[in-house]
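Please read the structure below before turning to the comments.
The values are calculated or read from the model by the stated rules, or taken from the named source; none is laboratory data. Not measured: the values here are computed from a predicted model. Here the Cβ positions follow ideal geometry from the backbone for every residue, glycine too, while neighbour counts run over all protein chains shown.
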């Protein structure tokens with residue numbers, strides 16, 4: 001297995017772990033309420049875990065064809081035009097994804113530098129939950145660049161292969 005595939009797999013495993021954390025926090029709130037106990041900031045922690053699970057799953061979702069794509073236009077244009085549209089779309093993803101990744105990393109660094117903490121009962125340094133968002137965004141950008149290289153070199157994109165949409169037909 002290639003290094004990048006391992007990174008994407010690690011992202012999806014971490015996303016799954018965050019989902020388990022969300023379930024555990026929710027269950028602790030339900031059971032705790034029965035016994036008159038409160039889990040401090042369970043809602044905030046679950047929100048951080050949800051954001052982490054979403055962003056860390058993005059690269060795997062891209063490569064597995066799980067993102068929503070509208071193929072109505074692509075299946076009705078000639079192969080050369082389809083390739084040009086794929087290059088444009090993946091290039092656009094690289095630009096937007098790169099900007100988002102850069103700003104996400106800057107947000108983490110700024111939060112760390114300024115000592116930003118959450119406003120709940122437990123002051124959690126905000127760079128910690130923001131780190132999963134930045135990591136997921138950076139991994140998505142790497143996956144997008146990898147897909148752009150695949151499309152530019154005339155190979156089938158991973159997402160098209162996973163969708164079975166006949167990119168090479």
Notebook entry, point to check: When segment 108-123 is examined, which residues are found to be surrounded by fewer than 18 Cβ atoms within 10 Å (Cβ to Cβ) and modelled with pLDDT of 95 or more?
Noted result: 109, 110, 112, 113, 114, 115, 116, 117
Notebook entry, point to check: In this structure, does residue 93 turn out to be in a helix (DSSP H, G or I) and either touching a helix residue (DSSP H, G or I) at 6+ places or on another chain (Cβ under 6 Å) or over 19 Å from residue 148 (Cβ atoms) (or both)?
Noted result: yes
Notebook entry, point to check: Based on what the data block shows, is residue 104 modelled with pLDDT of 95 or more and closer than 27 Å to residue 39 by Cβ?
Noted result: no
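Please pick out the residue among 131, 126, 148 that is buried (at least 17 other Cβ atoms within 10 Å of the Cβ), in contact with a helix residue (DSSP H, G or I) (Cβ under 8 Å, 6 or more places away or on another chain), modelled with pLDDT of 95 or more and more than 26 Å from residue 63 (Cβ to Cβ).
126
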Note to self: As an exercise: evaluate residue 54 against (1) touching a residue at least 24 places away in the same chain (Cβ under 8 Å); (2) surrounded by fewer than 17 Cβ atoms within 10 Å (Cβ to Cβ); (3) over 14 Å from the mean Cα position of the chain (by Cα); (4) part of a helix (DSSP H, G or I) and give the number of the one condition it does not meet.
What the structure shows: (3)
